[in-house]
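The values are calculated or read from the model by the stated rules, or taken from the named source; none is laboratory data. This one's a predicted model, so the numbers in the text were calculated from it and none came from an experiment. FYI the Cβ positions are ideal-geometry reconstructions off the backbone, even for glycines, and counts take in every protein chain you see.
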Amino acid sequence: MSDQPILSIVVVAYRMPQQLQRTLYTLSTAYQRNVSSQDYEVIVVENRSDQLFDAGLLDSLPGDFRYFLREETARTPVHALNFGFTQARGRYVGIMIDGAHMITPRVVEHALSCFRAHPNCLVGIPVHHLGPEEQHISTTAGYDTAEQDRMLDSVDWRADGYELFRVSVWCSAHARGFMQPISESNCYFVPRENLEKLGYADTRFDYEGGGAINLHMFRALGLLPGSVYILLMGEASFHQFHGGVTSNETREQVVGKFFDQLSNLWQGEYKALTREPLYYGSISPQAQTLLTAASRFGERRARRLADMGQPLWPEQPVQDITELPFHGK
């Protein structure tokens, strides 16, 4: 075990023991390629519930794992995320606010490579949903955890994590592919000092599941002064269905209040990050068709904006953090 790993990955979980077990396997050195336990640590922060993860299972996972169980009365995971940041020993931090996201096998390797080339950067990966459609749609047609188990058993994802591309679809964060502006990543990496500049995760995001905290942080970190924005085009995270947030409200009502809070914080200026990304990484055979589809969608967007006389990637990092509308909370 390294005294000071290069990278610390913070994973937050609540009521998802089976899903978290899979996620943590994909973060282990048994699965992640071309890295060692000296390179990175995984900090697991779980808020107590009636369905706890068996922390003893970490003993069987190769890698540098630390587990913390918290007594949390708030409905948001923001406090757990900030606690995880206090435990991080690495110069760089990976953020996984939803522990239900499995990842592909070269995420850690490529993230570390990006930081060697660009010490001040935001590294993100595209988001997928396991199943035939996005899960808020597929669950209305009978998709559930049992079907998800059967589907995952149909591919040998433990031996080759890129097989997960075969049983998933793009998330609406980039419904037309990753060569368009994307609103969030559910596994992304930044220098620790950039989190400090933001004041870590904003505790004003007090809704269940954190509301739109992930969208807020991804855009804010992508606009910090001097930063480089990098997207690992051949990697991804895959959201596992786990029941989600229990609420008497409709999905439209929940999404609406989340976005209202986000919009108010950004003083009406929130939008998906429209900076030009640097694309980095390798393309597995399973991801090749996605690259082709993303390129076609990207071409259409480029033609449309050119016809309108608008720039393809209009945003640049701010010159000073005080230019961000939510600064100075």
Selection from region 157-170 of residues that are surrounded by fewer than 17 Cβ atoms within 10 Å (Cβ to Cβ) and closer than 22 Å to LEU291 by Cα: ASP160, ARG166
Single residue of PHE178, PHE189 found to be in contact with a Pro (Cβ under 7 Å, 6 or more places away or on another chain) and within 30 Å of VAL318 (Cα to Cα): PHE178
Flag for GLY298 being among the small types (Gly, Ala, Ser), modelled with pLDDT of 95 or more and over 30 Å from ARG166 (Cβ atoms): no
Per-region count, region 90-109, residues part of a helix (DSSP H, G or I) and buried (at least 22 other Cβ atoms within 10 Å of the Cβ): 2
Test: residue in region 148-165 that is hydroxyl-bearing (Ser, Thr, Tyr) and within 28 Å of VAL255 (Cα to Cα): no
Filtered residue count, region 294-319, keeping only those that are out of contact with any Gly (no Cβ under 6 Å at 6 or more places or on another chain) and part of a helix (DSSP H, G or I): 12
Tabulated pairs, region 292-306, first under 19 Å from TRP170 (Cβ atoms), second outside any helix (DSSP H, G or I) and among the charged types (D, E, K, R), C-beta under 8 angstrom, 6+ apart or interchain: ALA294/ARG176; PHE297/ARG176; ARG301/ARG176
PHE326 crowded, with 17+ Cβ neighbours inside 10 Å, of a type outside the set (A, V, I, L, M) and without any contact (Cβ under 8 Å) to a residue 60 or more places away in the chain: no
Matching residues, region 81-124, being among the charged types (D, E, K, R) and out of contact with any Ser or Thr (no Cβ under 8 Å at 6 or more places or on another chain): ARG91, ASP98, GLU109, ARG116
From the options GLY234, GLY222, residue that is crowded, with 21+ Cβ neighbours inside 10 Å, within 20 Å of PRO126 (Cβ to Cβ), touching a residue at least 12 places away in the same chain (Cβ under 8 Å) and touching a Gly at 6+ places or on another chain (Cβ under 6 Å): GLY234
Count - residues of region 35-56 that are farther than 22 Å from THR76 by Cβ and in contact with a Lys or Arg (Cβ under 7 Å, 6 or more places away or on another chain): 1
Close pairs from region 51-75: first over 23 Å from GLY243 (Cα atoms), partner in a loop (DSSP other than H, G, I, E, B) and not small (Gly, Ala, Ser), Cβ under 6 Å, at least 6 apart: PRO62/THR29; GLY63/THR29; ASP64/MET1
Residue match in region 191-202 (condition: within 28 Å of ALA294 (Cα to Cα), of a type in the set (Gly, Ala, Ser) and touching a residue at least 40 places away in the same chain (Cβ under 8 Å)): no
